[in-house]
Amino acid sequence: MAEENILIVDDEEIIRVSLQRDLLDEGYVVDIAKDGKTAIGMLDKKYDLIITDLMMEGIGGVVVPLILPESLQIKICTFLSNCSFHLPLSSPLASSCK
């Protein structure tokens, strides 16, 4: 597998570290950031994928893709780690996450 760089952005350490460990085990190069501001400061490195929490203090995951220059070809995956609602499996949003 070609070396692929992933950046994980989440304000919850357990999520950052768990995802990092799992992705490292799969052979990816993984960096972590505790918030959007830190992540933006790390974008001098080329990432193939950014996995970010949507809801964080300061710069959240919704803002990170908006700040990226269009010239960067980075895939963004966002999620809610402390979401208090559940989507039925028949929901279009749930089916798009499969």
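Derivation of every value follows stated rules applied to the coordinates shown; laboratory data play no part. Small disclaimer: the values here were computed from a predicted structure and weren't measured. Virtual Cβ from ideal backbone geometry, glycine too; neighbours counted across all protein chains shown.
Miscellaneous remarks
- Summing charges over all other residues whose Cβ lies under 12 Å from the Cβ of Met56, with Lys and Arg as +1 and Asp and Glu as -1, gives -3.
- With a cut-off of 14 Å between beta carbons, the residues surrounding Asp10 carry a summed charge of -4, where Lys and Arg count +1 and Asp and Glu -1.
- Distance between the pseudo-spin-label points of Lys34 and Glu4 (7 Å out from Cα toward the beta carbon): 2.9 nm.
- Extending 7 Å from Cα along the Cβ direction at Asp44 and again at Leu24 yields two label points whose distance is 2.3 nm.
- When only Cα pairs below 8 angstrom with a gap of at least 6 residues are kept, region 8-59 shows a relative contact order of 46 percent.
- Take each peptide in 10-17, 47-54, 22-29, count the other Cβ atoms within 10 Å of every residue, and average; sorted highest first, the result is 47-54, 10-17, 22-29.
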